[in-house]
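Let me begin by presenting the structure, written as structure tokens, before commenting on it.
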Amino acid sequence: MNLGDYLLGMLSVYGSTVLFGALLVGCVGVPLPATLMLIAAGSFVEQGDMNLWGVLGLASAGAILGDNIGYALGRWGGHHMARRLSSWVGGENRLREAVKWSERWGGMGIFLSRWLLTPLGPWVNLISGITGYPWHRFLFFDVTGEVLWVVLYVMLGRFFSNQVQTTQEVFGDFTWLFVGLLAAALLGWQLIRYLRPVSLPKAEKDKILVKDAT
Amino acid sequence: MVILAFLLVVAVTGLFAVHTVRHALYWRLHRDDPIRPWMSVHHIAHSYRVPPYVLYQAIGLPPIAHDKRPLRELAREQHKPVSILIGELQNAIAHSRPPYPPPPPQPPPEGGRAP
């Protein structure tokens, strides 16, 4: 009997409060099968065992609260962590760059890690807190991403209510396939830039041609 | 370094693609979800499109409306491993589908009307 089976059994008996608790703890960083629980909850809604709005409301609330606990841990308990992180990544300058990067792309990172790249979510929460990403912006991207995640998987569960396990396996694979394709595209682009001959500005080229002629 | 990382990512993504396609094909061809210990009898009946009373009969229990107990709990109550319970359910499901005749309508409970 694994933890996932145990939690799903509890979800079947005790309903949405189990979903709230599991998503809260899962979003702080404890590895729990949160996506499978959302799909199962959707299936229970379809079978008339759970209320749709109760599931959507409690699941979103648990996930958002868990994310904000992670953010708070990074923000207010993270000074020691930030010092260690800066020594790992190569000093204060690197950390400052990370803060800049987070300010520029952080919103997209937070949004995507809520519903698509969910295993990264707890890390993004901590890093957002450590780098001091503005809380109101964090909350905006967090709420939109988490509500999308919850609605998406509960609706998948309703639609494929007789195939809970298989739906989770197939859609889990699609997520990692998307991540792999994205990473391959980014690295491929870097590779093309790296292999392409450096094109000099016209003035520089003219200078070299003149030198060669003399 | 970038070339190595690129090749590694392409290889891993390729493996994932094969895995995903195999899963999706399995999904298309086999419409049944595997029975797990967290599932209730009603959930399994819904998944396999079988009347719940057929499954209750198979595991020697009277049909209970809105019974949310997972198989794990039923197995504990019956003092048998959950794998045995799953085997009994799978057997009942196989016998309620073609080439076997469909299961008869639910018999009325003793001394009352059918629910």
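Just one residue in the set A:L112, A:L38, A:L116 is modelled with pLDDT of 90 or more and not aromatic (F, W, Y); that residue is A:L38. When the stretch A:21-54 is filtered for residues that are over 20 Å from A:L116 (Cα atoms) and either among the polar types (S, T, N, Q) or in a helix (DSSP H, G or I) (or both), the ones remaining, listed by number, are A:G21, A:S43, A:F44, A:V45, A:E46, A:Q47, A:N51, A:L52, A:W53, A:G54. Sort out which residues of the stretch B:10-51 are under 13 Å from B:L74 (Cβ atoms) and either more than 8 Å from chain A (Cβ to nearest Cβ) or among the hydrophobic types (A, V, I, L, M, F, W, C) (or both), and write them in order of number. Scanning the stretch B:10-51 gives B:I35, B:W38, B:M39, B:V41, B:I44. Among the residues of the stretch A:37-49, those identified as surrounded by fewer than 23 Cβ atoms within 10 Å (Cβ to Cβ) and either within 11 Å of chain B (Cβ to nearest Cβ) or over 21 Å from B:Y48 (Cα atoms) (or both) are A:E46, A:Q47, A:G48, A:D49. Evaluate the stretch B:52-62: report whether one residue or more is modelled with pLDDT under 95, outside any helix (DSSP H, G or I) and of a type outside the set (A, V, I, L, M). Scanning the stretch B:52-62, I find at least one residue that is modelled with pLDDT under 95, outside any helix (DSSP H, G or I) and of a type outside the set (A, V, I, L, M), so the answer is yes. Just to be sure, is A:A59 within 14 Å of chain B (Cβ to nearest Cβ) and either in a helix (DSSP H, G or I) or more than 17 Å from A:L152 (Cβ to Cβ) (or both)? For A:A59, the condition - within 14 Å of chain B (Cβ to nearest Cβ) and either in a helix (DSSP H, G or I) or more than 17 Å from A:L152 (Cβ to Cβ) (or both) - is not met. Which residues, counting only those in the stretch A:127-159, are on the phi < 0 side of the Ramachandran plot, surrounded by fewer than 21 Cβ atoms within 10 Å (Cβ to Cβ) and assigned to a loop (DSSP other than H, G, I, E, B)? Scanning the stretch A:127-159 gives a single hit, A:P134.
Taken together, the residues in the stretch A:1-36 that are facing another protein chain (nearest Cβ under 10 Å) and crowded, with 22+ Cβ neighbours inside 10 Å amount to 6.
Could you list, in sequence order, all residues of the stretch B:64-110 that are without any contact (Cβ under 8 Å) to a residue 24 or more places away in the chain, surrounded by 11 or more Cβ atoms within 10 Å (Cβ to Cβ), more than 14 Å from every other protein chain (Cβ to nearest Cβ) and closer than 15 Å to B:P37 by Cα? Result: B:Q78, B:K80, B:I84, B:G87.
The values are calculated or read from the model by the stated rules, or taken from the named source; none is laboratory data. Keep in mind that this is a model prediction, so the values were computed, not measured. Here the Cβ is made from the backbone with ideal geometry for all residues, glycine too, and neighbour counts use every protein chain on show.
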